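Shown next, in structure tokens, is the structure this report addresses.
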């Protein structure tokens with residue numbers, strides 16, 4: 001192994017290491033909010049259409065349950081509604097809602113094939129969302145009525 005201290009003074013090695021570590025903690029990448037509004041809208045629209053393309057592709061692959069297809073349609077409709085609201089009345093909150101809607105669309109695209117789950121029901125991409133019409137819904141276990149306390 002080469003002994004660098006013979007050729008380079010130790011203070012110069014410390015300075016180089018410090019400079020390297022400082023470069024790693026340099027300026028952070030720009031966020032979406034630092035871009036001009038027109039660029040923000042363009043990125044939101046393009047990310048929406050990429051997520052929509054992923055949904056359509058996943059639907060064409062098949063192997064989804066009726067509930068999964070219903071959730072995908074709901075996420076698509078929600079994403080479109082949020083995008084249109086953001087374009088009509090642009091604001092930071094509206095753009096954030098579009099980002100969340102696109103993330104939901106991607107989550108719905110990433111659903112597993114129910115045939116690969118060994119009979120288990122797939123986890124829904126829309127938590128606590130509406131149930132698809134015609135789907136068999138397991139009845140939630142009914143809780144027993146509270147019994148009055150003894151001696152009262």
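The values are calculated or read from the model by the stated rules, or taken from the named source; none is laboratory data. Computed from a predicted structure; not experimentally measured. Positions of Cβ are backbone-derived with ideal geometry, glycine not excepted, and every protein chain shown enters the neighbour counts.
Does residue 109 count as surrounded by fewer than 10 Cβ atoms within 10 Å (Cβ to Cβ) and either more than 30 Å from residue 47 (Cα to Cα) or at pLDDT 50 or above (or both)?
So residue 109 fails the test.
Looking at the structure I just gave you, is residue 122 surrounded by 16 or more Cβ atoms within 10 Å (Cβ to Cβ) and more than 27 Å from residue 43 (Cα to Cα)?
Considered against the rule, which asks whether it is surrounded by 16 or more Cβ atoms within 10 Å (Cβ to Cβ) and more than 27 Å from residue 43 (Cα to Cα), residue 122 comes out as yes.
Within the stretch 101-128, which residues are in a helix (DSSP H, G or I) and within 27 Å of residue 83 (Cβ to Cβ)?
Selection gives 101, 102, 103, 104, 105, 106, 107, 108, 109.
Would you tally the residues in the stretch 49-90 being within 29 Å of residue 117 (Cβ to Cβ) and part of a helix (DSSP H, G or I)?
Residues in the stretch 49-90 being within 29 Å of residue 117 (Cβ to Cβ) and part of a helix (DSSP H, G or I): 26 in total.
Which condition breaks for residue 1 when tested against (1) surrounded by 11 or more Cβ atoms within 10 Å (Cβ to Cβ); (2) at pLDDT below 70?
Checking residue 1 against (1) surrounded by 11 or more Cβ atoms within 10 Å (Cβ to Cβ); (2) at pLDDT below 70, the one that fails is (1).
Can you find, within the stretch 27-48, the residue that is surrounded by the most Cβ atoms within 10 Å (Cβ to Cβ) among those that are more than 19 Å from the chain's Cα centre (by Cα) and part of a loop (DSSP other than H, G, I, E, B)?
Selected residue: 35.
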